[in-house]
Amino acid sequence: MIKVTNLRKSFNDLVVLNGIDLEVKDGEVLSIIGPSGSGKSTLIRCLNFLEKPDAGLIEIGNARLNAESCTRKEIQQLRSQTAMVFQNYNLFKNKTALQNITESLIVVKKMPKKEANEIGMELLKQVGLESKKDNYPATLSGGQQQRVSIARALAMRPHAILFDEPTSSLDPELVSEVLQVIKSIAEMKTTMIIVTHEMDFAREVSDHVIFIANGNIVEQGTSKEFFNHPREERTKQFLKHLG
Ligand code: ADP
Ligand code: MG
């Protein structure tokens, strides 16, 4: 499971995370929503130390780390527990779809190439891109690139997958194919944290939802509670403006 306690992060004088607590049980999906600039990206980037938190206890799978006093080894261990899917895909441009997926298996996990390729092909199939295995990212649509990047995240069999607005860079007609893939892996009981602006998707795929604003959790609840009966005025306003 994932447990975060009193996570704090400032950029100079700007307090971005003002003591965030959250928990995600194994196999569950947590969505994080909130206005632009509210610290959603900073929050999930702190979970793998892409941003170094100022303080907080982070527990993910086999890793447990106190941000104020942690070793390089603890950071590595923490990073090995998650894989991240970015808004802009971040694929290796000089590698094919299949190579993008197998790279970490071969280099980090020291897996024989043949075995890595078998896993890679299985994952490409899972995201509906078997026929694109030899394509370079530039020859794939945004939706296809994002599906490769999801397959790459799955390849490492992480304890959890972190998504930062996975569909925000996509043309509208390509959004649903990516959301469909994320839904299908949620159904396989993959633990996930998803930052998203897609409220219908968040409602459908999440077990729990957190709404953050100004560095604090304004409201949290089960997906049903949160969307059907928001309690806080700030949440109601946010949902109204999107709907
Ligand atoms: P969100 O993802 O919710 O839109 P972010 O986490 O990206 O918000 O940003 C939260 C706030 O922190 C914003 O005011 C942003 O300008 C600021 N911020 C984010 N990253 C940095 C950084 N590396 N240096 C300085 N300020 C940053
Ligand atoms: Mg963001």
Quick one: which residues, 5 or more positions from ASP54 or on another chain, have an amide H under 5 Å from its amide H? H modelled 1.01 Å from N in the peptide plane, none for Pro or chain starts. ARG8, LYS9, SER10
Place a +1 charge on the Cβ of each Lys and Arg in the stretch 1-121 and a -1 charge on the Cβ of each Asp and Glu, then give the dipole magnitude about the Cα centre in debye, rounded to the nearest 20. 500 debye
Can you tell me the dipole magnitude for the chain around its Cα centre, using point charges on the Cβ only (Lys, Arg +1; Asp, Glu -1), in Debye to the nearest 20? 740 debye
Dipole-positive endmost among LEU162, LEU91, ILE119 within the stretch 50-184 (Cβ charges, Cα centre): ILE119
Per the rule of 0.36 nm per residue minus the C-alpha distance, extending ASN94 to SER141 adds in nm 15.3 nm
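Taking only the C-alpha atoms, wrap a convex hull around the chain and report its volume per residue in Å³ as a whole number. Kindly include the intermediate steps, with their values, before the conclusion.
Working: hull volume 30.5 nm³, N = 243.
Cα convex hull per residue, to the nearest whole number: 125 Å³.
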Could you calculate the contour length gain from SER176 to ASP207, that is, 0.36 nm times the residue separation minus the distance between their Cα atoms, to one decimal place in nm? 9.2 nm
Treating the angle as unsigned and between 0 and 90°, give the value, to the nearest 10°, between the Cα long axis of helix 233-242 and the longest Cα principal axis of the chain. 40 degrees
Could you state the angle between the C-alpha long axis of helix 113-126 and the longest principal axis of the C-alpha atoms of the chain, as a value from 0 to 90 degrees rounded to the nearest 10? 60 degrees
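Quick one: longest stretch of the chain between exposed loop GluC sites (Glu not before Pro), exposed meaning at most 16 other C-beta atoms within 10 Å and loop per DSSP? Spell out each step's value before the answer.
Details: sites that count: GLU68, GLU232.
After excluding every exposed loop site, the longest remaining stretch is 69-231.
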Excluding LYS109 itself, calculate the net charge of residues whose Cβ lies under 11 Å from the Cβ of LYS109, where each Lys or Arg counts +1 and each Asp or Glu counts -1. 0
Only Cα pairs under 8 Å and at least 6 apart count here; give the relative contact order of the stretch 57-142 as a rounded whole percent. 25 percent
Taking every other residue with Cβ under 12 Å from the Cβ of GLU23 and scoring Lys and Arg +1, Asp and Glu -1, one gets -3
Using helices alone, what [θ] at 222 nm do you get for the chain, with -39,500 (n - 2.57) per DSSP H run of 4 or more residues, divided over all residues and rounded to the nearest 500? -11500 deg cm²/dmol
Quick one: with all protein chains in place, what share of the accessible area of the stretch 29-170 is carbon or sulfur, to the nearest percent (1.4 Å probe)? 46 percent
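Using Stokes-Einstein with the Kirkwood hydrodynamic radius over Cα pairs, what translational diffusion coefficient do you get for the stretch 187-243 at 25 °C and a viscosity of 0.890 mPa s, in µm²/s rounded to a whole number?
For the chosen part, D equals 207 µm²/s.
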For the stretch 1-137, the per residue accessible area (1.4 Å probe, Å²) is 53 Å²
Subtracting the Cα-Cα distance of GLU115 and ASP26 from 0.36 nm times their residue separation yields 29.3 nm
Consider just the alpha-carbon atoms of the stretch 41-109 and return their Rg together with their Dmax, both in angstrom. 14.0, 40
Taking 2.2 N^0.38 Å as the expected size of a compact globular protein, what ratio does the Cα radius of gyration of the stretch 21-144 give against it, to two decimals? 1.24
Indicate the gyration tensor shape class of the stretch 119-243 (rounded, prolate or oblate), computed on the Cα atoms with a ≥ b ≥ c the square roots of the eigenvalues: a/c under 1.5 is rounded; otherwise a/b larger than b/c is prolate and the rest oblate. prolate
Hey, which lysines would be in cross-link range of LYS40, C-alpha to C-alpha under 25 Å, not counting anything within fewer than 8 residues on its own chain? LYS3, LYS9, LYS25, LYS52, LYS183, LYS189, LYS224, LYS236, LYS240
Could you please report the charge total around LYS3, scoring K, R as +1 and D, E as -1 over all other residues with beta-carbon less than 14 angstrom from its beta-carbon? -3
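The values are calculated or read from the model by the stated rules, or taken from the named source; none is laboratory data. Only a predicted model underlies this, so the values are computations on that prediction, with no experimental measurement involved. Every residue, glycine among them, receives a Cβ derived from its backbone with ideal geometry; neighbour counts consider all protein chains shown. All accessible areas refer to the heavy atoms of the entire protein, side chains included, with ligands and DNA or RNA removed. Shrake-Rupley method; radii C 1.70, N 1.55, O 1.52, S 1.80 Å.
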